[in-house]
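**Q** What follows is a single structure, and I will ask about it in a moment.
The values are calculated or read from the model by the stated rules, or taken from the named source; none is laboratory data. Predicted, not measured: the structure shown is a model, and the values here were computed from it. Backbone-built Cβ (ideal geometry, glycine too); neighbour counts: all protein chains shown. These area figures cover heavy atoms from the full protein model, side chains too; ligands, DNA and RNA do not enter into them. Shrake-Rupley method; radii C 1.70, N 1.55, O 1.52, S 1.80 Å.
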Amino acid sequence: EGGTLARLCLEAPLPPATMASLTPQPMSPRPTYEEVLRLRAASAKQSAEKMAAAPAAAAPANAPQPPPQPPHPPPPAAASAPAPSPPAVAPAPVAAPAKPVAEPAFTDAEVEVLRTPLAPSEWCGSELHERALAYMRSRRDAAVLADPSLAPTVEMASDLRLWRFLVATAFKGGDAASMYVEALRWRKRNGTDATRADLRAANPSFFTARATSLETPLLTEQDAAVFAARPRTFFTKSAGGGGELLLDRGGNLLFIEVPASADAAAVCALGADAFLASELRTQELLQLVLDELSTRQDRLPLLFPGLDF
C-alpha cells in the first residue's frame, strides 16, 4: 500500500544503483567553485549594466517607477482563499520579434554555472540564464505565430518548463528549442491540453489553494485499474480517495513501483489504448505537480523513481 511504501522510502535511501543512474556525470574540465562564483558574479554585473544602460521610457522626472518584477516571484507565505485558476492557454504573441534572438553558445564553464542550482526568482538577475531563456521564448513565439494551434498552456509556456528542456539537452539552445516545439506538436496530436484541464479541475485545492494533497490523483476508474494491475504510487492513499504526495526531505517527488507484483494478464486485459491513455494522464499529472512544487519552493524539484521488490 502507498503508506507502507512511503515509510520505506522516507526511512531508507534509494538503492545505490538507482542513485548512480540519477547522478549527472561531471564535465571535464570542471571549473572550481570559486570560478563558478566569479562567473556568476560577472553575469549578474553584466545584466545590471545592461539594465542601467537601457533608455528609460519618456515620463516626468518625478514620476515614481515601479520596481522590476522577476518572471517567477516566490509564492506568498500563506493563502487565505483559493486563487483563481490560471487560463488554460497562454496569450499568443501578436507580432514576430523585431530582431531574431541568436542561438546562445555556452562554454563548459558557463554550462557549469547554469547547472548550479539558482532560485527561479533570481534568473532575471543572471545574464547567462536570461540569454538561454530569451532564445527559448523567441523560438516558442515563432512557432505559435506560424501555427496558432500550438499555443501552449500557461504551464507549458512558463520559464520553468523552458528551463527543463535546456537542462535535458545540456544547455544546447537549438536542440532544446526544437525538442520543445516538437513537444507542443505532440501535445496537440494527443489532446494533452484537454487532459491538463481535467486534472486541474479534479484537484482544485492543490492547484489553487496550496493544499499538500491531491483530491483525485486517479482521474478515472481506468486509471485505478492500471495502478492496480501495475502497482506504483507517488502518494499515500486516504479514505476519501485522495492522496498525500510522497516527498523526500528535500521536497522532491518520489515515484515508487513494485514490478514483482505486476499482473500481466490484467494489464493485457485493459488493452493497449486504455493503458497508454492512463499512462499519459499520469505523466501529465506528475508534470503539473512538479510545476506547482517549483512555484511553491522557488526551485526545480526532481522526480525520483524507486523500485520496491
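**Q** If Ala211 meets every condition in (1) out of contact with any helix residue (DSSP H, G or I) (no Cβ under 7 Å at 6 or more places or on another chain); (2) over 16 Å from Gln287 (Cβ atoms) apart from one, which number is that one?
**A** Among (1) out of contact with any helix residue (DSSP H, G or I) (no Cβ under 7 Å at 6 or more places or on another chain); (2) over 16 Å from Gln287 (Cβ atoms), Ala211 violates only (1).
**Q** Separate question: Based on this model, can you work out whether Leu286 counts as surrounded by 12 or more Cβ atoms within 10 Å (Cβ to Cβ), without any contact (Cβ under 8 Å) to a residue 60 or more places away in the chain, in contact with a strand residue (DSSP E or B) (Cβ under 9 Å, 6 or more places away or on another chain) and not β-branched (Val, Ile, Thr)?
**A** Considered against the rule, which asks whether it is surrounded by 12 or more Cβ atoms within 10 Å (Cβ to Cβ), without any contact (Cβ under 8 Å) to a residue 60 or more places away in the chain, in contact with a strand residue (DSSP E or B) (Cβ under 9 Å, 6 or more places away or on another chain) and not β-branched (Val, Ile, Thr), Leu286 comes out as yes.
**Q** Could you please find all residues in segment 130-156 being more than 26 Å from Thr195 (Cβ to Cβ), touching an Asp or Glu at 6+ places or on another chain (Cβ under 8 Å) and open to solvent by less than 10 Å² (accessible area, probe 1.4 Å)?
**A** The answer is Leu133, and nothing else.
**Q** If you go through segment 222-258 one residue at a time, how many are within 19 Å of Gly271 (Cα to Cα) and of a type in the set (A, V, I, L, M, F, W, C)?
**A** Result for segment 222-258: 6.
**Q** Scan (1) within 22 Å of Leu303 (Cβ to Cβ); (2) exposed (fewer than 15 other Cβ atoms within 10 Å of the Cβ); (3) modelled with pLDDT of 95 or more for the single condition Asp159 breaks and write down its number.
**A** Just one mismatch for Asp159, condition (2).
**Q** Given (1) assigned to a helix (DSSP H, G or I); (2) free of Cβ contacts under 8 Å to residues at least 24 places away in the same chain; (3) under 24 Å from Ser238 (Cα atoms), where does Glu182 come up short, assuming only one miss?
**A** For Glu182, the failing item is (3).
**Q** Oh, and also: Condition check: over 28 Å from Leu246 (Cα atoms) and without any contact (Cβ under 8 Å) to a residue 12 or more places away in the chain. Does Asp141 satisfy that?
**A** no
**Q** Still on this structure: Evaluate the following for Ala151: is it at pLDDT 95 or above, of a type in the set (Gly, Ala, Ser) and more than 24 Å from Leu293 (Cβ to Cβ)?
**A** yes
**Q** Determine which single condition Thr220 fails, assuming it passes every other condition in (1) modelled with pLDDT under 95; (2) over 28 Å from Leu184 (Cβ atoms); (3) of a type outside the set (Lys, Arg).
**A** With (1) modelled with pLDDT under 95; (2) over 28 Å from Leu184 (Cβ atoms); (3) of a type outside the set (Lys, Arg) applied to Thr220, the lone miss is (2).
**Q** Within segment 119-128, is there a residue that is of a type in the set (S, T, N, Q), touching a His at 6+ places or on another chain (Cβ under 7 Å) and either in a helix (DSSP H, G or I) or open to solvent by 40 Å² or more (accessible area, probe 1.4 Å) (or both)?
**A** Yes, because at least one residue in segment 119-128 is of a type in the set (S, T, N, Q), touching a His at 6+ places or on another chain (Cβ under 7 Å) and either in a helix (DSSP H, G or I) or open to solvent by 40 Å² or more (accessible area, probe 1.4 Å) (or both).
**Q** Restricted to segment 185-203, and to residues that are within 18 Å of the chain's Cα centre (by Cα) and of a type in the set (A, V, I, L, M), which residue is surrounded by the most Cβ atoms within 10 Å (Cβ to Cβ)?
**A** Leu199
**Q** Condition first: aliphatic (A, V, I, L, M), in a helix (DSSP H, G or I) and within 21 Å of Ala211 (Cβ to Cβ). Now tell me which residues in segment 251-309 satisfy that.
**A** Matches in segment 251-309: Leu285, Leu286, Leu288, Val289, Leu290, Leu293.
**Q** Residue check: is Leu160 in contact (Cβ under 8 Å) with a residue 12 or more places away in the chain and more than 24 Å from Thr295 (Cβ to Cβ)?
**A** Against the criterion (in contact (Cβ under 8 Å) with a residue 12 or more places away in the chain and more than 24 Å from Thr295 (Cβ to Cβ)), Leu160 does not qualify.
**Q** Return the only residue of Lys237, Lys188 being touching a residue at least 12 places away in the same chain (Cβ under 8 Å), of a type outside the set (A, V, I, L, M, F, W, C), at negative phi and touching a Gly at 6+ places or on another chain (Cβ under 9 Å).
**A** Every option except Lys237 fails the conditions.
**Q** A further question follows. Can you give me the number of residues within segment 129-167 that are outside any helix (DSSP H, G or I) and not charged (D, E, K, R)?
**A** Going through segment 129-167 one residue at a time, the tally reaches 4.
**Q** So how many residues does segment 204-223 have that are under 25 Å from the mean Cα position of the chain (by Cα), surrounded by fewer than 17 Cβ atoms within 10 Å (Cβ to Cβ) and not β-branched (Val, Ile, Thr)?
**A** Summing the residues that are under 25 Å from the mean Cα position of the chain (by Cα), surrounded by fewer than 17 Cβ atoms within 10 Å (Cβ to Cβ) and not β-branched (Val, Ile, Thr) in segment 204-223 gives 6.
**Q** Within segment 168-178, does at least one residue satisfy the condition of being open to solvent by less than 60 Å² (accessible area, probe 1.4 Å), among the β-branched types (Val, Ile, Thr) and part of a loop (DSSP other than H, G, I, E, B)?
**A** Yes, some residue in segment 168-178 is open to solvent by less than 60 Å² (accessible area, probe 1.4 Å), among the β-branched types (Val, Ile, Thr) and part of a loop (DSSP other than H, G, I, E, B).
**Q** What is the number of the single condition among (1) under 16 Å from Glu155 (Cα atoms); (2) open to solvent by 50 Å² or more (accessible area, probe 1.4 Å); (3) among the hydrophobic types (A, V, I, L, M, F, W, C) that Leu300 does not meet?
**A** Condition (2) is where Leu300 drops out.
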